1. If we keep just the residues of region 86-106 that are within 14 Å of the chain's Cα centre (by Cα) and surrounded by 15 or more Cβ atoms within 10 Å (Cβ to Cβ), which is nearest to residue 58 (Cα to Cα)?
2. Taking residue 59 as the residue in question, decide whether it is more than 25 Å from residue 29 (Cβ to Cβ), in a helix (DSSP H, G or I) and among the charged types (D, E, K, R).
3. I need a count of the residues in region 36-68 that are open to solvent by 80 Å² or more (accessible area, probe 1.4 Å) and either free of Cβ contacts under 8 Å to residues at least 24 places away in the same chain or more than 30 Å from residue 87 (Cα to Cα) (or both).
4. Just the residues that are within 26 Å of residue 28 (Cβ to Cβ) and open to solvent by 50 Å² or more (accessible area, probe 1.4 Å), please, taken from region 69-85.
5. So which of 76, 116 ends up being modelled with pLDDT under 95 and either among the small types (Gly, Ala, Ser) or in contact with a helix residue (DSSP H, G or I) (Cβ under 8 Å, 6 or more places away or on another chain) (or both)?
6. If only one of 41, 18 is out of contact with any Ser or Thr (no Cβ under 9 Å at 6 or more places or on another chain), in a loop (DSSP other than H, G, I, E, B) and of a type outside the set (Val, Ile, Thr), which one is it?
Amino acid sequence: MENVNVVNVNVSGLAKGGKSYFDGGLLSLVVHTILAYCIIGFTLGICTPYALCILYKWKINHTVIDGHRLKFTGSAIDLFGEWLKWLLLTVVTFGIYSWWVGIKLEQWRVKNTEFAD
């Protein structure tokens, strides 16, 4: 059984009825995606956490929820440490843990997302 951290968020300060939208553009997405894939390819996958952080930062920083912009605070070094742990667990469990890696990655991404204001 895994420990789950519960965070209570006070939403009373959020603007009620504020608009939620995404303001990223296609050209910017294409440039960031090409950059991320080049980083992964040139480093043979070693810098995948860095590439993921580039994509996460672009996507999250262009998202506004209920009138409040989101901000990505994660770092590639932090993700790299998690990445090594997940790789080790996957090897030790003969690939079984790989089923949980996507969930763990999403939990890490959400944990490193906050309101910018």
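The values are calculated or read from the model by the stated rules, or taken from the named source; none is laboratory data. In this text, all values refer to a predicted model and were calculated from it rather than measured experimentally. For neighbour counting, all protein chains shown are included, and Cβ atoms are generated from backbone atoms with ideal geometry for every residue, glycine included. Please note that ligands, DNA and RNA were not included when accessible areas were found on the heavy atoms of the full protein model with its side chains. Shrake-Rupley method; radii C 1.70, N 1.55, O 1.52, S 1.80 Å.
1. We begin by selecting, within region 86-106, every residue within 14 Å of the chain's Cα centre (by Cα); these are 101-106.
Pick out the ones that are also surrounded by 15 or more Cβ atoms within 10 Å (Cβ to Cβ) and you get 101, 104-105.
Details: 101: 22, 104: 20, 105: 17 Å.
In this case the residue turns out to be 105.
2. So residue 59 does not fit the description; no.
3. So the count comes out to 5.
4. Matches in region 69-85: 69, 71, 73, 77, 78, 80, 83.
5. 116
6. Answer to the selection: 18.
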